[in-house]
Amino acid sequence: MSPPVPFYRNVRVLAWLAQVAFALGVVGLGWLLLTTMLGSLQKQGIPISFAFLPQPAAFGISEGLPFQPSQTTMLNRRLALKTR
C-alpha cells in the first residue's frame, strides 16, 4: 500500500485553494475599485444618487432611420411599403 498523499499535493485540496484564492482576489479587486471610486467622488464633491433620473435629457435622442419620404431610394420604397 502506498503512503497517503500530503495535503499540499492533493488535487482536491489544491483545486479548492485555487478557487478560494481567486474568489478572494476578485473580492479584493472589487473592494479596491469601489473604495478608490468613492474616495475620488467625495474628493471632487460629486454625490452618489439617482436624483438625476426625473430630469429630462439635455441632448436629442434619435430613433429609426433618417429619411425623407420625397427621396426615391430603394430603402425608402421598402420602408414606405411596410408602413402602408
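The values are calculated or read from the model by the stated rules, or taken from the named source; none is laboratory data. What you are looking at is a predicted structure, and each value in this text was computed from that prediction instead of being measured. Methodologically, a virtual Cβ is constructed for each residue, glycine included, from the backbone with ideal geometry; neighbour enumeration extends over all protein chains shown.
Brief remarks on what is shown
- Condition check for Thr35 on (1) among the β-branched types (Val, Ile, Thr); (2) at pLDDT below 95; (3) surrounded by 10 or more Cβ atoms within 10 Å (Cβ to Cβ): one failure, at (2).
- Ser40 being of a type in the set (Ser, Thr, Tyr) and surrounded by 10 or more Cβ atoms within 10 Å (Cβ to Cβ): yes
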